[in-house]
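First comes the structure, then the notes that go with it.
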Ligand code: CA
């Protein structure tokens, strides 16, 4: 497992690198965005730890460039202030996870480990709930015949909700199944993603499919 760390604060970069190496990862470091983009496009990495605030090309720009070129390497964004707008912008740009600074090294390592643990098997079926369909081979979703564009993480979330259709999905269970977390990151990651999924799946339709069970989690089903 090889990780690229993009962080201009040399001390932080060095701590992160040592922590990942101690866990058996190979770790490379870049100190600016242009270097990072060049490295990430020329070398296959299993994950990127990407700081947003960088000299020159910032982390979000690096991420957008990678995704625009269909590079799907999992990305953990580091955001300086843990600002909600920045997080949403990062998720929009195709980040898989974010960690506000300051962070604990053990938490960063746990998240990188989760990102590099991929779901291997794809069961070849067409899932259907009302007029929403999910092709788990082609990774395509449609509602009422119209294709829904999903990021890789949104796809995993929707697949999990559809495989559990009609059943309550608690936040912890979603974190475990969709993010491979076995700990509570203490953020509103799940809620942010559900909100984004709702906008894509339910907006403009009278029959809502994604329902909130207050304080517990979510359920995908035809009736409320
Ligand atoms: Ca920085």
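Bear in mind these aren't lab numbers, they're just calculated from the coordinates by the rules spelled out. Everything numeric in this text was worked out from a predicted model, so none of it was measured. Virtual Cβ from ideal backbone geometry, glycine too; neighbours counted across all protein chains shown.
In terms of the Cα gyration tensor, with a ≥ b ≥ c the square roots of its eigenvalues, is the range 2-122 rounded because a/c is under 1.5, prolate because a/b exceeds b/c, or oblate?
rounded
Give, in nm to one decimal, the length gained when the segment between residue 64 and residue 137 is fully stretched (0.36 nm per residue of separation minus the Cα-Cα distance).
Length gained, residue 64 through residue 137: 23.7 nm.
Of all DSSP beta bridges in the chain, what percent run antiparallel (nearest 5)?
DSSP beta bridges in the chain are roughly 50 percent antiparallel.
By per-residue mean of other Cβ atoms within 10 Å, what is the highest-first order of 25-33, 199-207?
Ranking, from highest mean packing down: 25-33, 199-207.
So between residue 117 and residue 188, what do we pick up on full extension, going 0.36 nm a residue minus the alpha carbon distance?
Gain on stretching residue 117 to residue 188: 23.4 nm.
With a ≥ b ≥ c the root eigenvalues of the C-alpha gyration tensor of the range 111-224, is it rounded (a/c under 1.5), prolate (a/b larger than b/c) or oblate?
oblate
Roughly how many Å is it from the Cα centre of the range 31-46 to that of the range 161-224, as a whole number?
So the two Cα centres are separated by 33 Å.
Considering Cα pairs under 8 angstrom that are at least six residues apart, work out the relative contact order of the chain and quote it in whole percent.
Relative contact order, the chain: 13 percent.
For residue 11 and residue 195 in one chain, what is 0.36 nm times their gap in residues minus the Cα-Cα distance, to one decimal in nm?
62.6 nm
What percent do you get for the relative contact order of the range 2-122 when only Cα pairs under 8 Å and 6+ apart count?
Relative contact order, the range 2-122: 23 percent.
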